[in-house]
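Notes follow once the structure below has been shown.
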Amino acid sequence: MAVTLEQARRVGYTCLKALLRFAFMVANNLVAIPSYVLYLIMLQPLRILDSKSFWYIEGVLFKWLLAMVASWGWWAGYTVVEWGDDVKAVSEDEAMVLVNHQATGDVCTLMMCLQDKGTVVRQMMWLMDHIFKYTNFGIVSLIHGDFFIRQGRAHRDQQLVLLKDHLEKYYRSRNRKWIVLFPEGGFLRKRRETSQAFAKKNNLPFLKHVTLPRLGATQVILKTLVAPQENGTPSGGDTVRKESKSKGLQWVIDTTIAYPKGEPLDIQTWILGYRQPTVTHVHYRIFPVKDVPAEPEALTNWLYQRFIEKEDLLTHFYETGAFPPPQGQTKAISREMTLSNLWLVAIQSFAFLSGGMWYCLFQYLYHCLF
C-alpha cells in the first residue's frame, strides 16, 4: 500500500515531536533531579535544627517534581476527568489510596490528578515495585521516603516486616498524610491469567478488567497506621479535620483508573506524546476506616468486594464511555481536572534556573580550588 505525501508528513511530524519531547524530558531530568538532591544536601543543618520545616520544604520540591512529570502528559493533551466522591474533602486527613494497575502510565495519571488536591502530593507516600528504585526517579523516592516492595512469594513475609518498620520510622516523622498502593501486585496484562485461574479454583468471580488483590500490604498499613478508635465522615468539617490529626488513618480511597477503549497509557507514550490526545477517567469512592474490617478473612472479603466493584465500574465505562451514577442517584457527575500552564511553566523555569545556578556555583568553586 502506497504511502501518501500527507501520511509521510504526519509520520515525520510525529517522530520530530517525539524526539523534541524526549530531548526536553532528558534535559528536564538532568537539571531538576540533581537540583532537588543538592537543595536538600544544603538544607541538612535545617533538618537537624527543625525537622518539620525541612520535610515541609522537601515536600514542596517533591510536588514540583511530580508536576513536571504531569506537565509532559498535560502538554501532549493527556487530560483527566474525575468521577465519584470529591477527595478534596479529605485532603487534610490521613488516607490509604487503593488503585487498579494497568500500565506505567497509571502513576503519571495519579501524579497529574492529585496536583490540585491541596497538600496531598507533598505529603504522600508511594508503595511501588522495587525496580523503580533503579530508575532516574529512584533517588528522589528514596529521599522522600517511599517504599520499594519486592514482589514474589519468596520475599513476601520479609517485605511485609520491612514495610511495617518503614511506616513506623518514616510515615509520621515526615508528616505523611496519604499512602498510595496497587494491591493487585502488578500490571493487569501480567497477572490476569493467574488471577482468573485462582478465582476459578476458589469459586471467586471471574474478572477481566482487574485482578484479585493481595492482602499483605493493605493489612500491614491498616494495622500500623489506624488508631484504636476511628470516626468521621468525608464532609465532617473543621472539627472532624482537627480531631482526625490525632486519630491516625481515617479513610480508604478506592480509586479506579479507566482508559478509553481499555488502552492504557504507558510511560513511553507519556514522554514521547505520539498518541493522539486522550482523556483518562478516574473514579473515587471514600470509605471511613471504621467500616473496614480488621480480621484477615473479613478484610480479604472486603478487599475482594472493592475490586469486584471496580470490575463493574470498568465494564459500565467500556460499554457507555462513562461511569455509572452513585447508588440512589440518576446521573453521574464528572469533573474536568485542570492544571495551570502558567504554574507549570514557572516550575519548569525554576528547575532550569536552578540547574544553571548549580552549574555556575560548581564552576566557580572549581576555579577557586584549582
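Brief remarks follow.
- Considering only residues in the range 153-180 that are at negative phi and part of a loop (DSSP other than H, G, I, E, B), the one that is least open to solvent (accessible area, probe 1.4 Å) turns out to be ARG176.
- Top-ranked residue of the range 270-301 - restricted to ones that are among the aromatic types (Phe, Trp, Tyr) and under 18 Å from SER71 (Cβ atoms), ranked as surrounded by the most Cβ atoms within 10 Å (Cβ to Cβ): TRP270
- The residues listed here are ASP254, ASP266; of these, the one that is within 17 Å of the chain's Cα centre (by Cα), among the acidic types (Asp, Glu) and open to solvent by 30 Å² or more (accessible area, probe 1.4 Å) is ASP266.
- Candidate set from the range 191-216 (those that are under 24 Å from ALA294 (Cα atoms) and in contact with a helix residue (DSSP H, G or I) (Cβ under 6 Å, 6 or more places away or on another chain)); member that is surrounded by the most Cβ atoms within 10 Å (Cβ to Cβ): THR211
- Number of residues in the range 353-370 that are touching a residue at least 24 places away in the same chain (Cβ under 8 Å) and within 30 Å of CYS113 (Cβ to Cβ): the value is 2.
- Condition met for MET112 (assigned to a strand (DSSP E or B) and under 18 Å from the mean Cα position of the chain (by Cα)): no
- Among residues of the range 323-352 being part of a loop (DSSP other than H, G, I, E, B) and free of Cβ contacts under 8 Å to residues at least 60 places away in the same chain, the one that is least open to solvent (accessible area, probe 1.4 Å) is PRO324.
- Every test in (1) open to solvent by 10 Å² or more (accessible area, probe 1.4 Å); (2) part of a helix (DSSP H, G or I) is passed by GLU92 save one, and that test is (2).
- Residues in the range 248-274 that are charged (D, E, K, R) and touching a residue at least 24 places away in the same chain (Cβ under 8 Å): ASP254, LYS261, ASP266.
- Against the test of being acidic (Asp, Glu), touching a residue at least 24 places away in the same chain (Cβ under 8 Å), in a helix (DSSP H, G or I) and open to solvent by 20 Å² or more (accessible area, probe 1.4 Å), the options GLU309, GLU319 yield a single qualifying residue, GLU309.
- A Cβ distance below 7 Å, combined with a sequence gap of six or more or placement on separate chains, defines the contacts here; from the range 151-171, residues that are at pLDDT 90 or above reach residues that are among the polar types (S, T, N, Q) in the pairs LYS164/THR224; LEU167/THR224; GLU168/THR224.
For every residue, the table says whether it meets (1) closer than 20 Å to LEU299 by Cβ; (2) within 18 Å of the chain's Cα centre (by Cα); (3) at pLDDT below 90.
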residue	(1), (2), (3)
ASP106	no, yes, no
MET128	no, yes, yes
ILE139	no, yes, no
LYS177	no, yes, no
PRO183	yes, yes, no
ARG192	no, no, no
GLN196	no, no, no
LYS201	no, no, no
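- Members of the range 181-190 found to be open to solvent by less than 60 Å² (accessible area, probe 1.4 Å) and assigned to a helix (DSSP H, G or I), listed by number: LEU188
- From LEU16, LEU38, LEU61, residue being part of a helix (DSSP H, G or I), open to solvent by 10 Å² or more (accessible area, probe 1.4 Å) and modelled with pLDDT under 95: LEU16
- Selection status of VAL11, closer than 27 Å to LEU127 by Cα and of a type in the set (Val, Ile, Thr): no
- Among the residues here, MET25 does not qualify as under 15 Å from the mean Cα position of the chain (by Cα) and assigned to a helix (DSSP H, G or I).
The values are calculated or read from the model by the stated rules, or taken from the named source; none is laboratory data. Here the structure is a predicted model, which means the values were calculated and not measured. Neighbour counts run over all protein chains shown; Cβ positions are idealised from the backbone, glycine included. The accessibility values were calculated without ligands, DNA or RNA, using every heavy atom of the protein model including side chains. Shrake-Rupley method; radii C 1.70, N 1.55, O 1.52, S 1.80 Å.
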